[in-house]
Amino acid sequence: MMETKKLEMPFWYKLTLTVKEAAAYSNIGINKIDELLKQPKCDFVLYVGNKKLVKRKEFEQYISKSLEV
């Protein structure tokens, strides 16, 4: 049986992050990030089927412009 290895990449190089990676990257809680992703005008969410991913660069811009989350 052939084993497949998952390619590990530091998340600061990724275009998109999982909610857990975004939480670790930003020091914002998972529940808060999930709440932000549900907002109608959220420009840093990417849906892949039922899976929600965070667009890293747009997320960084959102954080840098925000005074409060």
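Would segment 50-63 turn up any residue that is part of a loop (DSSP other than H, G, I, E, B) and touching a Lys or Arg at 6+ places or on another chain (Cβ under 8 Å)?
no
Out of everything in segment 29-61 that is within 11 Å of the chain's Cα centre (by Cα) and either among the β-branched types (V, I, T) or at positive phi (or both), what residue ends up being most open to solvent (accessible area, probe 1.4 Å)?
The qualifying residue most open to solvent (accessible area, probe 1.4 Å) is I30.
The values are calculated or read from the model by the stated rules, or taken from the named source; none is laboratory data. Note that the structure is predicted; figures quoted are calculated from it, not measured. Neighbour counts run over all protein chains shown; Cβ positions are idealised from the backbone, glycine included. Side chains included, ligands, DNA and RNA excluded: accessible areas come from the protein's heavy atoms. Shrake-Rupley method; radii C 1.70, N 1.55, O 1.52, S 1.80 Å.
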